[in-house]
Amino acid sequence: MNRKWFQLWNIGRLRGRLMDILSLGRTMLLLAGGSLVLFMLLGAGGLAGQKLNSSPIPSMKGLAASLSSGFFMELLGMEVPHLPKGEEPSAFSGDKVTSFVFRLLTSVDPGDPKSLVSREMPGLAADDPFLLRQGSGGSAGAPADYHPGGDELATGEDSGAGEGPGSSPDSGNGTAADNGHDNPGEGTVQPEASPVPDPPDAGPDEGYSGSGDAENGTGDTSVKRILVYHSHPREAYNPLLGAQSDNPSSAVPSKNVMLVGSYISKRLEERGIGTVHAQEDYATEVPGYNWNFSYKYSRMTVKSAMASNQQMSELIDIHRDSQRHGKTTAVINGKNYAQVYFILGHANKNWKQNEAFANKIHQLLEKNYPGISRGIWGKSSGNGNNGEYNQTLSPNSVLIEVGGIDNSADELKRTADLLADAIADVYWSSRDAEKAAAPDQAGTQSGGSGGETSTGEAS
């Protein structure tokens, strides 16, 4: 019995076990310490990368962008029972939660199978658009780029012939000539095969409901402050062409994005904001034209307009998405509206300022007309763009895609009016903020002319 007890408490055996434990513990301690140092280095590297890299890709691309504002509203609603609930589907629905969890665990978007393939093929997703701010109009589909192809109009029509926006039913604001160029093909007859329907009148729910200088008509429209232009002016719409094409293109201003630009320009002028609508058709005006240099051509247009108008600060580049009607149309109060995308350039190191400007417009549309905006997207360089989109020329510069290839003139007009009102509201609110920040200077520079009195805006 005593011998067994001695064997049970054998000092040598206990010592050996203790040494094994200590050896294992030392190994585990070394591993833990090494892991701690590694993660600290990775964290420091990540912080340094955020400081040094101005690109929106590492800081804003990914999971955070998939959370809508409604998600946080519903979280608050769990604690505040009487918090108003919108008509937007619940952010906690089964499909949304499943998609979110799957993306959280795998970094693969179930709605975009390409996200799985791109992880195995370096560079495949380098130029893909990425979501920065989600819109209630849906963000499942990224904006599709336009590329010139074989669907151009006949040479006789595509050489600049046709009516300009100045001769459309919504013309009359005189902005077409403000950029120093005549309307392309002015005075020629528009083909009868594809008439443009009369734009609808704004209903009671579509008009301006804001306040301030614009409502009182005190804006001085002789001083041009906003530029509406088109880097891809031949992006056209099938209903305006009377055709069915996967890639509609036209030089006739009443059939392409220039029509949308004319709607927006006129509305801004009605809101008391002097607006220039640039209508250059670079394919006919630029010797040796190359579509891949589109933003170089439009940059010259922007610089020329800004040099001629010292008070110009807002730059709006209007494009058209290349997706079909079902993905570019919203129904609000029984009426169809063309949806919009806001695009920011990856190569712009000051992109956060432009994002703030775009977000103000986006949030106004989200508040007043949920479903119109499909969010704010970031894009890098690719075919036909330089990843900067002229947005370094002004912090109040943004590219907006209005509708898709199948949207009608009625749908485009409705959205153009709402979009112009949102831009005007942002413009006037920023001027009010400037006046509030400098009341003394504003009072001394008013001049009693009845125009704008904010500092630095004398014509």
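The values are calculated or read from the model by the stated rules, or taken from the named source; none is laboratory data. Keep in mind the model is a prediction, meaning the values are calculated, not measured. Glycine also receives a Cβ, built like all others from the backbone with ideal geometry; neighbour counts cover every protein chain displayed. Accessible surface is based on the protein model in full, side chains and every heavy atom, while ligands, DNA and RNA are left aside. Shrake-Rupley method; radii C 1.70, N 1.55, O 1.52, S 1.80 Å.
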For residues that are buried (at least 21 other Cβ atoms within 10 Å of the Cβ) and touching a Leu at 6+ places or on another chain (Cβ under 9 Å), scanning just the stretch 276-302, find the one that is farthest from Y427 (Cα to Cα). T301
For a quick check of your reading: which helices (runs of 4 or more DSSP H) sit entirely within the stretch 234-332 and have at least 2 residues that are hydroxyl-bearing (S, T, Y)? 257-270, 282-285, 294-308
So how many residues does the stretch 19-36 have that are within 45 Å of the chain's Cα centre (by Cα) and open to solvent by 80 Å² or more (accessible area, probe 1.4 Å)? 1
Return only the number of the condition from (1) open to solvent by 10 Å² or more (accessible area, probe 1.4 Å); (2) in a strand (DSSP E or B) that L364 does not satisfy. (2)
Being buried (at least 24 other Cβ atoms within 10 Å of the Cβ) and either under 19 Å from the mean Cα position of the chain (by Cα) or not hydroxyl-bearing (S, T, Y) (or both) narrows it down to one residue among E269, E235; which is it? E235
Being out of contact with any Gly (no Cβ under 7 Å at 6 or more places or on another chain) and either among the small types (G, A, S) or at pLDDT below 95 (or both) narrows K367, K379 down to just K367
What about G371, is it open to solvent by 30 Å² or more (accessible area, probe 1.4 Å) and on the phi > 0 side of the Ramachandran plot? no
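Among the listed residues H346, H362, identify the single one that is in contact with a Ser or Thr (Cβ under 6 Å, 6 or more places away or on another chain) and modelled with pLDDT of 95 or more.
Of H346, H362, the one residue that is in contact with a Ser or Thr (Cβ under 6 Å, 6 or more places away or on another chain) and modelled with pLDDT of 95 or more is H362.
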Among (1) modelled with pLDDT under 95; (2) surrounded by fewer than 19 Cβ atoms within 10 Å (Cβ to Cβ), the one test that D321 misses: (2)
Among the numbered criteria (1) in contact with a Leu (Cβ under 8 Å, 6 or more places away or on another chain); (2) among the hydrophobic types (A, V, I, L, M, F, W, C); (3) over 24 Å from I405 (Cβ atoms), which single criterion is violated by I273? (1)
